[in-house]
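The values are calculated or read from the model by the stated rules, or taken from the named source; none is laboratory data. If you're wondering where the values come from, they're calculated on a predicted model, not measured in any experiment. Here the Cβ positions follow ideal geometry from the backbone for every residue, glycine too, while neighbour counts run over all protein chains shown. Calculation scope for accessible area: heavy atoms of the full protein, side chains included, ligands and nucleic acids excluded. Shrake-Rupley method; radii C 1.70, N 1.55, O 1.52, S 1.80 Å.
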Amino acid sequence: MTSIRDTDRWRISRDRVLLYVRALNLPPYKGLDLAVESLKRTGPSSAAESMESLRALLKEHGLDRGVLDSEGKHLASVPPLNRSVMVPEELDRVPWRTSFVQFLRRWKNDLFGKGCAR
Amino acid sequence: MNTTDTAAVPSWRRSGSRRRIALLFLVLIPTITSSYTMARLLPERASLVLDALLVAVFGILFAWISVGFWAFMGGLFVLLTKRDRYRVSKSCDGRDLSIPDANARTAILIPIYNEEVNRVFAGVRTVYRSLKQTGSLDRFDIFLLSDSTSPDVWVEEEEAWHDFRREEEGTEAHVFYRKRDNNIKRKSGNVADFCRRWGKNYRYMIVFDADSVMTGESMVRLVQIMEDRSDIGIIQTLPLAVNRETLIARVQQFANHVQGPLLAAGLHFWQLGDAQYCGHNAILRVEPFMKHCQLPRLPGKGSLSGDILSHDFVESALMCRAGYGIWLAYDIEGSYEETPPTLLDELKRDRRWCQGNLQHMRLIFTRGFFPAHRALFLNGVLTYGSALLWLTFLIVNSAQAVSEALFEPIYMPILRKFLPSMPVWRPHWALSLLGSTALLLFLPKVLSALPILVKDFRARAYGGPIRLYISVFLEVVLSMILTPIRMIFHSLFIVSTLLGKSIGWGTQSRDDRGTTWSEAFAAHWWGTLLGIAWGGVVYWIIPSFFWWISPMIFSFVLSIPISVFTGRASVGRFFRKIGLFLVPSEVRLPPILQDLEDNLERPARYSPFGHSRKQGFLRAAVAPRTHALHIAMQLPRRKKKPSPLREEARKRIVEKALQLGPDALSAKEKTALLKDTDRLRELHRRVWTLEDEEKAALWGLALPKEE
C-alpha cells in the first residue's frame with residue numbers, strides 16, 4: 001500500500017518537474033539534466049520538495065533571473081519618462097454671462113471702487 | 001502659435017468663409033420655401049399648435065438633409081473637375097518617402113480597451129512592417145496604450161507585446177506597451193497620459209483605433225505635410241471600411257467606399273482648414289495639442305456633465321481656437337478601419353456617441369470657438385437629434401391624420417364669416433415637396449458612382465457598372481429598412497441621456513459573430529410592439545394613411561428578423577458571391593490588408609499546458625515564462641507597501657485560489673493578484689507544489705495517468 005502511494009508521489013514529482021522545465025523552453029538536454037538532477041537530489045519525495053530542489057538548481061545555473069531584454073537588462077516596456085504637464089484651458093461656455101458679470105464688476109469699481117473715493 | 005501671432009489671414013480662411021456663406025443660402029432658401037409649402041399643404045382646420053410643430057420639425061429636418069446634399073455636391077465638383085487649390089497633400093507630390101529631419105519623430109498611439117489581442121497585434125505587426133518598407137521606421141515609435149480591465153486580456157497583451165518584440169525588433173525598440181492602472185477620462189485620458197509622460201519626445205502623433213490600419217506610405221506622407229505646413233495642427237485621413245463579412249457591415253463598407261470619398265471631398269470643399277478630427281487615423285502636432293487640447297470636466301451632475309466622451313470634436317475646436325488648421329486629407333490612400341459587424345453593435349456604439357454628441361450642446365457657445373466648429377457641434381447633436389425630430393414629425397403626422405378622421409370637419413370656423421372654409425388639396429405642391437425631399441436624399445447616392453465610372457468606366461473594382469448600380473439601389477433599400485429602427489433607438493438614447501442615464505464603457509465587438517435570435521429579441525421586442533400598436537391604431541381608424549407610414553411600421557414589426565438577418569456573415573458572403581456590395585479590397589486585396597490577414601493567421605506560441613489563449617491570468621499564475629514576464633513588467637512600477645488589511649485580503653485570495661482553483665476568482669480578485677507581485681509569486685510557487693492532483697488539474701498541471 002505504502003509503495004503504491006510512494007510510486008504515485010514519485011510520478012507526480014517527476015511529471016511536475018518535467019513539465020516545469022519544458023515550460024521554461026530550455027534546450028532539451030539542459031532541461032532534462034536539470035530535471036534528473038533535482039529528482040536525484042530529493043529522491044522519491046513530494047512534489048513540493050522536488051520543485052524546491054529544481055528552483056535551487058535553476059538559481060545555481062543562473063536561470064531564475066526573470067525576463068531580461070536582449071542586452072541582459074531589466075525588461076522595460078516603455079521608454080524612460082520625459083514628463084511634462086497638460087493643463088486644461090479655460091472653457092467659457094456662456095460668454096455673454098461672463099461679459100455681463102465683468103461689465104457689472106467694472107461698473108461697480110467705477111462707482112464704488114477705491115480709485116473713485118480718492 | 002496663436003491667432004494673435006498670425007500676421008495675415010490665410011487665403012483659405014477667406015475662401016472658406018465665402019463658401020460657407022454660399023452654403024448657408026443654398027440651405028436656407030430651399031428650407032424656407034419648402035417649409036412654407038408644407039404649411040400651406042396642411043389642412044386648415046387642424047390644430048394650430050400641431051401645425052406649427054409639424055412645420056418647425058419639417059424645416060429643421062429639411063435643412064439637415066440639405067447640408068448633406070450640398071456636401072455631396074461639393075465633393076462631386078472637386079472629384080470630377082479635380083480643381084482643388086487647397087488640397088493639403090499637394091506638398092508631398094513627387095516626393096520620395098524620406099523624412100529628412102531626424103527630430104521629426106512621430107508616435108503612433110494605439111489605445112486599447114479589452115480588445116481582441118490577436119487582432120491588435122496583427123495590426124501592429126502589419127503597420128510596423130509597412131513602415132519598415134518605407135525606410136523611415138527610425139522616425140516612428142508605436143505605443144500600445146492599454147486601459148484593459150480584464151486580467152486575462154492584460155496578461156495576453158503583455159505576452160503578445162513580448163513575443164512581438166523578440167520576433168521583430170531585436171535590440172532597437174520601436175514598439176512599446178503601457179498599461180494604465182486607472183482609466184481616467186477613457187481614451188482621451190489615455191492619450192493625455194502618454195503626452196504627459198513622453199509627449200516631449202515627439203513632434204507628431206498618429207492616433208489609431210484598435211482596428212485601424214495605415215500603410216507606412218500614408219503615415220510618412222502625413223508627416224511630410226506636417227513638416228511642410230507648420231500652420232496645421234491636425235490632418236484627418238479618410239479611413240476606408242474593410243474586412244467585415246456580415247451583410248450590414250458589407251453594405252456599410254460599400255457605402256463607405258462609394259459615397260465616403262465624395263462626402264470627404266465635399267466636407268473638405270466647405271470646411272477647408274476648419275475640418276473635424278474623428279479621433280483616429282489622423283496625425284496631430286503634439287506640442288500645441290498638449291498646450292491647448294487638454295479637456296476639462298464639464299461641471300454639474302448628470303449625463304451631460306463630467307468627462308467629455310466625444311473628445312475628438314472638442315479637441316479639434318480647441319486646436320483651431322489656438323490658431324492651427326485642421327484639414328481633411330481626402331485623397332491620401334492606405335487608411336483603413338473596420339465597421340461594427342451587426343446592427344446591435346452599431347447601436348451600442350451609437351449609444352456612446354449619442355451621449356458624447358449631446359454633451360457638445362453645452363459647448364456650442366464657448367468663447368473663442370470658430371463658427372465652423374460650433375456648426376460641427378450642432379451637426380453632431382443633430383446626427384442623433386434628427387431621429388427624435390423625425391419620430392416627433394411622424395407621431396404628430398399620425399395624430400393629425402387620426403384627428404382628421406375622428407373629429408367632425410368645421411367648415412364655418414368663425415360664425416361671422418359668410419363663406420365656408422373648404423379644404424383645398426394642392427397635389428402638385430405635395431408632389432413637388434415629396435420630389436424635392438427625395439432628390440435631396442437620393443440624388444447624392446445615385447451620383448456617388450459617377451467618380452468611380454469616370455475613373456474606370458468598367459468599374460472593375462466594384463464588379464462592373466451594372467452590379468455597382470444594383471448595389472447602390474439595394475443599399476438605398478436596406479437603409480430605408482434600417483433607418484426607422486435606428487430612429488427609434490436613437491430617440492430612446494437621447495431621451496435616456498437627457499433623463500440622466502449614463503453609460504458604461506463597453507468593448508466594441510470586432511468579429512463577425514452575428515446576432516442570435518435571443519439577443520435580437522431582447523433588444524427589439526419593444527420596437528416590434530410599438531410597430532404593431534402604432535400600425536394597428538392607424539389602420540383601424542384611417543386605413544388610407546396606414547399605407548403612407550407602412551414602410552416604417554413594417555421595419556418596426558420585423559426588426560427582430562432584420563437584425564438577425566443583416567448580422568449574418570453567411571448572407572454577406574452570399575451577396576459577395578453574386579458580386580454585390582463589392583469593394584476594391586474584396587476584388588483585389590491591397591498588400592497591407594493581405595499582410596494583416598497573414599498576421600491574423602499566425603499560429604499561437606507553443607505551450608505545454610492546455611491553457612487557451614484567453615486564459616491570461618491562469619498562465620501568469622502557472623506558466624513560468626509568462627509568470628516571469630508579468631513580474632518583470634511590474635518591477636519598474638513604483639511599489640507602495642500595501643496596508644495590512646489589504647495584505648491580509650490578498651493572502652485570503654491566494655488561499656481561495658489554491659483551494660477552489662482559478663475559476664473561483666472574480667476578475668477583481670485576479671487583478672488584485674496580478675498587481676501584487678509578491679502574492680503572485682507565492683501563488684505560482686504553491687500551485688506547482690500542490691500534492692492534490694484534482695486541485696493541480698484545476699491549474700492545468702495534471703498529466704494523464706500512465707497505464
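Here are a few things to note about the model shown:
- Shielding by partners, peptide B:195-201 (average Cβ within 10 angstrom, other chains): 5
- Spatially, segment B:136-214 and segment A:10-78 are offset by 32 Å when compared through their Cα centroids.
- With N as its number of residues, chain B has a Cα radius of gyration that, divided by 2.2 N^0.38 Å, comes to 1.08.
- Directionally averaged projected area (convex hull, Cα atoms, segment B:151-211), nm²: 5.3
- Scattering profile of chain A at q = 0.09, 0.10, 0.18 Å⁻¹ [log10 I(q)/I(0), Debye over alpha-carbon scatterers]: -0.51, -0.55, -0.97
- When nucleic acids and ligands are ignored and a 1.4 Å probe is applied, A:Tyr29 ends up with an accessible area of around 150 Å².
- Cross-link reach list, lysines versus B:Lys200, counting only Cα pairs under 17 Å and skipping chain neighbours closer than eight places: B:Lys291
- Only one residue of B:Leu558, B:Ser15, B:Gly325 has its Cα farthest out toward the positive end of the dipole of chain B, where Lys and Arg carry +1 and Asp and Glu -1 on Cβ, and that residue is B:Ser15.
- Solvent-accessible surface of protein heavy atoms, probed at 1.4 angstrom with all chains present, puts B:Leu28, B:Leu79, B:Leu482 in the order B:Leu28, B:Leu79, B:Leu482, largest first.
- Across B:Trp534, B:Trp327, B:Trp540, B:Trp64, the residue with the most accessible area heads the list, and the full order at a 1.4 Å probe is B:Trp540, B:Trp64, B:Trp534, B:Trp327.
- Radius, Kirkwood style, for the protein assembly as shown when every pair of distinct Cα atoms is counted (Å): 30.7
- Options A:Leu75, B:Leu48, B:Ala702, ranked by Cα towards positive dipole end of the protein assembly as shown, top entry (Cβ charges): B:Leu48
- A Förster distance of 60 Å, applied to the separation of the beta-carbon atoms of A:Glu89 and A:Ser46, puts the FRET efficiency at 0.40.
- For q = 0.20 Å⁻¹, Debye-computed log10 I/I(0) when each Cα of segment B:239-388 counts as one equal scatterer: -1.42
- Efficiency of FRET from Cβ geometry, B:Arg602 and A:Glu37, R₀ 45 Å, rounded to 0.05: 0.80
- Translational diffusion of segment B:307-381, µm² s⁻¹ [Kirkwood Rh, Cα pairs; Stokes-Einstein; 20 °C; 1.002 mPa s]: 153
- Whichever lysines have a C-alpha closer than 27 Å to that of B:Lys90, once near sequence neighbours (fewer than 8 apart) are set aside: B:Lys82, B:Lys132, B:Lys455
- Within segment B:208-267, all pairs of alpha-carbon atoms sorted by distance into 5 Å bins from zero give the percentages 4, 15, 19, 21, 22, 11, 5, 3, 1.
- Loop-located trypsin sites (Lys or Arg not before Pro) in segment A:49-106 whose Cβ has at most 14 other Cβ within 10 Å (DSSP): A:Arg65, A:Lys73, A:Arg83
- Dipole magnitude (debye, nearest 20) for segment B:616-698, charges at Cβ of Lys, Arg, Asp, Glu: 720
- Calculated over segment B:102-202: convex hull of Cα atoms, volume per residue (Å³): 97
- Estimated at 0.36 nm per residue, the fully extended path between B:Ser570 and B:Ala52 surpasses their Cα-Cα distance by 181.7 nm.
- Under the shape rule built on the C-alpha gyration tensor, where the axes satisfy a ≥ b ≥ c, segment B:96-148 is oblate, since a/c reaches at least 1.5 while a/b does not exceed b/c.
- Value of Rg to Rh for segment B:616-698 (Rh from inverse mean 1/r over Cα pairs, i.e. Kirkwood): 0.95
- Listed residues B:Glu287, B:Glu167, B:Glu338 arranged by accessible area, highest first, probe 1.4 Å: B:Glu287, B:Glu167, B:Glu338
- 4 °C / 1.567 mPa s Stokes-Einstein diffusion coefficient of segment A:2-60, Kirkwood radius on C-alpha pairs, µm²/s: 115
- Residue-averaged beta-carbon neighbours from other chains (10 angstrom radius) around A:11-23: 5
- Taking every lysine pair in chain A that is 8 or more places apart or spans two chains, those with Cα atoms closer than 26 Å amount to 5.
- Note on the protein assembly as shown: with charges restricted to the Cβ of Lys and Arg (+1) and Asp and Glu (-1), its dipole about the Cα centre is near 2400 debye.
- Antiparallel DSSP beta bridges within chain B, as percent of all bridges there, nearest 5: 30
- The alpha carbon gyration tensor of segment B:507-645 gives principal lengths a ≥ b ≥ c with a/c of 1.5 or higher and a/b no greater than b/c, which makes the shape oblate.
- Cα lying deepest toward the dipole's positive end in the protein assembly as shown, options B:Leu433, B:Thr677, A:Ser46, charges on Cβ: B:Leu433
- Per-residue SASA entry for B:His490, accessible area with 1.4 Å probe, Å² rounded to 10: 20
- Separation between Cα centres of segment B:246-286 and segment B:440-490, rounded to whole Å: 16
- Area of A:Asp110 that stays accessible when all protein chains are in place (1.4 Å probe, Å², to 10): 100
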